[in-house]
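FYI, it's all coordinate maths here, none of it is from the lab. Just so it is clear, the model here is predicted, and its values are computed rather than measured. Using ideal geometry, Cβ is built from the backbone for each residue, glycine included, and neighbour counts are taken over all protein chains shown.
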Amino acid sequence: MTILTLGLNHNSAPVSIRERLAFPAERLQASLRELVRLPDVEEAAILSTCNRTEVYCETESANQEAIIDWIAHEHRLQREEFRPYLYAHTDAATIRHMFRVACGLDSLILGEPQILGQMKTAFQTATDAGTLGKTLGKLFQHTFSAAKKVRTDTAIGSSPVSVAFAAVRLAQRIFDDLKDQTAILIGAGETIELTARHLYEQGIGEMIIANRTFDRAHSLAAQFNGFAISLSELPKHLPKADIVVSSTASPLPILGKGGVESAIKARKHKPMFMVDLAVPRDIEPEVEQLADVYLYTVDDLRNTIEEGMRSRQEAAKQAEEIIDTEVDHFLAWLRAQGATDTIRDFRFNAEKLRDEVLANALRALNNGKSPEHALNLLANTLTNKLIHIPSAQLKQASIDERHDLIAAARELFQLKDSN
């Protein structure tokens with residue numbers, strides 16, 4: 001059997017290709033069931049995100065072509081359209097790849113934590129579809145365990161490497177506990193969405209999202225238990241804000257010195273933390289002159305991000321060492337599975353002999369023989385039956401000059417040299 005990965009990601013393929021090979025969540029289970037109907041495929045799972053699509057299989061061989069044909073059929077594509085962008089891993093390389101993906105070592109943002117949740121979703125989907133068996137099921141569980149160990153034993157995810165993460169970390173330094181704070185986020189693009197996610201994960205007390213398009217603000221706010229307002233409502237709500245993060249594409253500032261000054265007065269000079277992530281700026285530079293306002297720009301956060309990236313790169317080296325050990329552990333488990341059938345058959349034969357000999361001993365007791373006689377009968381007969389076949393095989397091995405088999409027997413039964 002071979003454990004096979006076929007996939008593409010942000011490094012191997014442009015978004016125009018990645019989006020065409022994505023698997024919609026609503027038909028993923030059906031796709032998995034179709035995949036395991038291929039003659040060569042025993043188990044399967046699929047990880048599909050905006051940055052990667054990967055198919056994990058246990059197959060009877062390492063032949064990729066049938067799976068590539070299946071992918072082409074699923075997405076109504078010609079093989080030539082995506083084949084150059086695919087990478088493949090087998091066995092130990094697949095195990096290492098899955099561990100690295102789960103730890104965020106293969107992500108667009110080094111050490112990002114979202115991918116682990118996406119892998120858990122892929123595992124659950126395959127479980128629900130009934131396409132996981134012993135091998136892939138165990139591999140996913142070991143993958144999650146390895147990722148947890150990396151998160152626990154290294155600082156891979158603790159240092160900010162995005163402006164959104166850096167802004168939230170800075171807010172945590174200024175406000176010890178975010179659960180009592182209110183944040184207003186201005187905009188509804190990717191940076192604001194990421195900021196909202198980080199604030200939500202850190203337990204922000206209240207979140208308000210302001211955007212020129214109210215529907216977009218409402219859609220984003222609904223994901224994080226916040227509420228939406230239009231930009232025209234911003235002056236009314238600004239005095240509530242302990243934290244303001246802005247990132248829009250506006251050519252002109254959205255917040256001026258006068259508006260912020262009025263908000264500070266309404267707050268009775270309670271401090272306000274503001275981060276302007278927009279270029280050109282959303283917040284007038286003069287706002288920094290106001291007392292009780294702490295204003296930061298993208299440039300102010302750049303050093304924090306660079307320090308965070310260096311920290312994560314150092315943590316990544318430690319993570320790779322942990323992964324090396326975890327790969328060895330899983331490979332040892334995998335190799336042990338090759339002996340499982342033999343061990344089971346050996347035990348079955350031994351238990352069958354035991355039951356036969358025990359039955360004879362019990363009959364001897366029932367026929368009036370002494371307990372001592374019955375015990376001797378059981379011990380001697382069981383010993384003779386257990387060693388008969390190995391002894392005969394070893395004699396034949398000696399005749400055939402199979403010295404390797406004799407040496408293996410001495411190691412297997414831990415026989416010391418009588419000399």
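Miscellaneous remarks
- For the chain, hydrophobic long helices are taken as DSSP H runs at least 24 Å long by C-alpha position along their axis with mean Kyte-Doolittle hydropathy of -1.0 or more; these are 134-153, 298-337, 340-366, 371-399.
- For the chain: relative contact order, % (alpha-carbon pairs under 8 angstrom, 6 or more apart): 12
- Electrostatic dipole magnitude of the range 60-155 [Cβ: Lys, Arg +1; Asp, Glu -1; Cα centre; debye, to 20]: 460
- Our coupling estimate for the range 204-210, obtained by passing each phi through the Karplus curve with A = 6.51, B = -1.76, C = 1.60 and θ = phi - 60°, is 4, x, 9, 10, 10, 10, 10 Hz, Gly and Pro reported as x.
- Relative contact order [Cα under 8 Å, 6+ residues apart], the range 2-153, whole percent: 31
- Cα-centre dipole for the range 6-123 with unit charges at Cβ (Lys and Arg positive, Asp and Glu negative), debye to 20: 380
- Helix-only arithmetic for the chain: the sum of -39500 (n - 2.57) across DSSP H runs with n ≥ 4, divided by the residue total, places the mean residue ellipticity at 222 nm at -17500 deg cm²/dmol.
- For Lys395, the lysines whose Cα comes closer than 17 Å to its Cα, not counting residues fewer than 8 places off in the same chain, are Lys385.
- Filter on Lys236/Lys268; Lys134/Lys317; Lys179/Lys270; Lys179/Lys268; Lys120/Lys149 - keep pairs with C-alpha separation over 23 Å: Lys134/Lys317
- Share of pairwise Cα separations in the range 98-137, more than 12 Å, in percent: 59
- Global form of the chain, assessed from the alpha-carbon gyration tensor, a/c cut-off 1.5: prolate
- The range 140-180: radius of gyration over Cα atoms, expressed as a fraction of 2.2 N^0.38 Å: 1.56
- Longest DSSP-loop-exposure-free segment, GluC sites (Glu not before Pro), the chain, at most 15 other Cβ within 10 Å: 61-400
- For the range 163-305, fraction of C-alpha pairs farther apart than 23 Å, in %: 25
- Ordering Ala72, Ala350, Pro84 by the projection of their Cα atoms onto the charge dipole of the chain, which places +1 on the Cβ of Lys and Arg and -1 on the Cβ of Asp and Glu, puts Ala350 at the extreme positive end.
- Calculated Rg and Dmax of the range 271-360 using C-alpha coordinates, Å: 32.3, 100
- Among the trypsin sites (Lys or Arg not before Pro) in the range 1-44, those located in a DSSP loop and surrounded by at most 16 other Cβ atoms within 10 Å of their own Cβ are Arg20, Arg37.
- Averaging Cα coordinates gives a centre for the range 209-251 and one for the range 50-77; these two points are 42 Å apart.
- Highest mean first, the peptides 384-395, 249-260 sorted by other C-beta atoms within 10 Å per residue fall in the order 249-260, 384-395.
- Projected onto its three principal axes, the C-alpha set of the range 331-419 covers 52, 36, 23 Å, listed from the longest axis down.
- Karplus-derived 3J(HN,Hα), 6.51/-1.76/1.60, for each residue of the range 238-252, Hz, glycine and proline x: 4, x, 6, 7, 8, 10, 10, 10, 10, 7, 10, 9, 5, x, 10
- ³J(HN,Hα), Karplus 6.51/-1.76/1.60, whole Hz, each residue of the range 46-55, x for Gly, Pro: 10, 9, 10, 10, 5, 9, 7, 10, 9, 10
- The range 2-153, Cα convex hull volume normalised per residue, Å³: 98
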